[in-house]
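To keep things clear, I will list the structure first and then write my remarks on it.
The values are calculated or read from the model by the stated rules, or taken from the named source; none is laboratory data. These numbers were taken from a predicted model, which means no experiment stands behind them. Heads up, the Cβs are rebuilt from the backbone with ideal geometry, glycines too, and the neighbour counts pull from every protein chain shown.
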Amino acid sequence: MSCKERLMLLILFPLLVASSENGFEQIVDSRRCNLSALYVIERRLTDLAEDMQRALHQVIDSDTGMCPPEWLPFQSSCYWFSPSDVLMNWDEAAEHCNTMNAYLAVPNTPAENMYLYEQCYPLRKYVHPVPGLAMWLLGCTDVENEGTWVCLDNTILSYDAWKSGEPNNYAGNEHRLSLDMRDGAPPAVWNDIISTEWNAQFICERAQGI
Ligand SMILES: [Ca+2]
Ligand SMILES: [Ca+2]
């Protein structure tokens, strides 16, 4: 539905309702209707009101860039942060985001990276059995070409937020990105991890207005 069509709906909606209500009153006043006619009119008004309400919500969502319930907006994206009891490994988390028409979040800029960190830090859950270890999974991998971090939104990481000593590709098997929140880590730093090593929290991202 085009913007023009949506505006027309918003303008016409009160007129249609008023028109229908006027007709309803005339019918009652004239005492020429029967109960079945009243029932039909009531049904039509109810259906019309529901259709207009759905159209209004679509206009609000698309024009203001609002996100679905339980998703948070930042710049042009919406984000979903997994609750502390929803922990998955990297591959599972990426698939889970797909089921929500989203992808495992990609920190395209330092500003976005810091935003994600600020949301995640208060919600972090320690990953047992390593004391003080907490992390959130992000949607980039260098599994195809060691050192080149390709992301699930088809971009390549173009800045550096690695924690000191990372990425270390430990045991030659760490090819997935995470926000490292272990005790004492600086804010918003990354670590490379094994895809199936940890069940951890994760962030899903999708564009606004879809
Ligand atoms: Ca992003
Ligand atoms: Ca590492």
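Scanning region 127-146 for residues that are assigned to a loop (DSSP other than H, G, I, E, B) and either acidic (Asp, Glu) or in contact with a Cys (Cβ under 7 Å, 6 or more places away or on another chain) (or both) turns up ASP142, GLU144, GLU146.
Selection within region 60-88: residues that are at pLDDT below 95 and under 27 Å from GLU197 (Cα atoms). The member of this set that is surrounded by the fewest Cβ atoms within 10 Å (Cβ to Cβ) is ASP85. Taking region 85-128 as the range and being touching a Ser or Thr at 6+ places or on another chain (Cβ under 6 Å) and among the hydrophobic types (A, V, I, L, M, F, W, C) as the test, only TRP90 passes. Keeping to region 68-116, report how many residues are closer than 15 Å to CYS151 by Cα, within 10 Å of ligand 1 (Cβ to nearest atom) and in a loop (DSSP other than H, G, I, E, B). Selection size over region 68-116: 5.
The residues of region 135-187 that are within 16 Å of ligand 1 (Cβ to nearest atom) and either free of Cβ contacts under 8 Å to residues at least 24 places away in the same chain or over 18 Å from GLU197 (Cβ atoms) (or both), listed by number, are VAL150, CYS151, LEU152, ASP153, ASN154, THR155, ILE156, LEU157, SER158, TYR159, ALA161. Return yes when THR109 is polar (S, T, N, Q), out of contact with any His (no Cβ under 6 Å at 6 or more places or on another chain) and either within 16 Å of ligand 2 (Cβ to nearest atom) or farther than 16 Å from PHE202 by Cβ (or both) and no when it is not. Against the criterion (polar (S, T, N, Q), out of contact with any His (no Cβ under 6 Å at 6 or more places or on another chain) and either within 16 Å of ligand 2 (Cβ to nearest atom) or farther than 16 Å from PHE202 by Cβ (or both)), THR109 qualifies.
Only a single item in (1) out of contact with any strand residue (DSSP E or B) (no Cβ under 7 Å at 6 or more places or on another chain); (2) modelled with pLDDT under 95; (3) more than 21 Å from GLU205 (Cβ to Cβ) is not met by TYR126, and it is number (1). Considering region 73-92, the residues that are hydrophobic (A, V, I, L, M, F, W, C) and over 11 Å from the mean Cα position of the chain (by Cα) include one that is farthest from ASP142 (Cα to Cα), namely VAL86. Being small (Gly, Ala, Ser) and at positive phi is the filter here; which residues of region 128-176 pass it? Of everything in region 128-176, those that are small (Gly, Ala, Ser) and at positive phi turn out to be GLY132, GLY147, GLY165, ALA171, GLY172.
Taking first residues from region 107-126 that are closer than 11 Å to TYR159 by Cβ and partners that are in a helix (DSSP H, G or I), the Cβ contacts under 9 Å between residues at least 6 apart in sequence or on separate chains come to PRO107/ASN113; PRO107/MET114; PRO107/TYR115; PRO107/LEU116; PRO107/TYR117.
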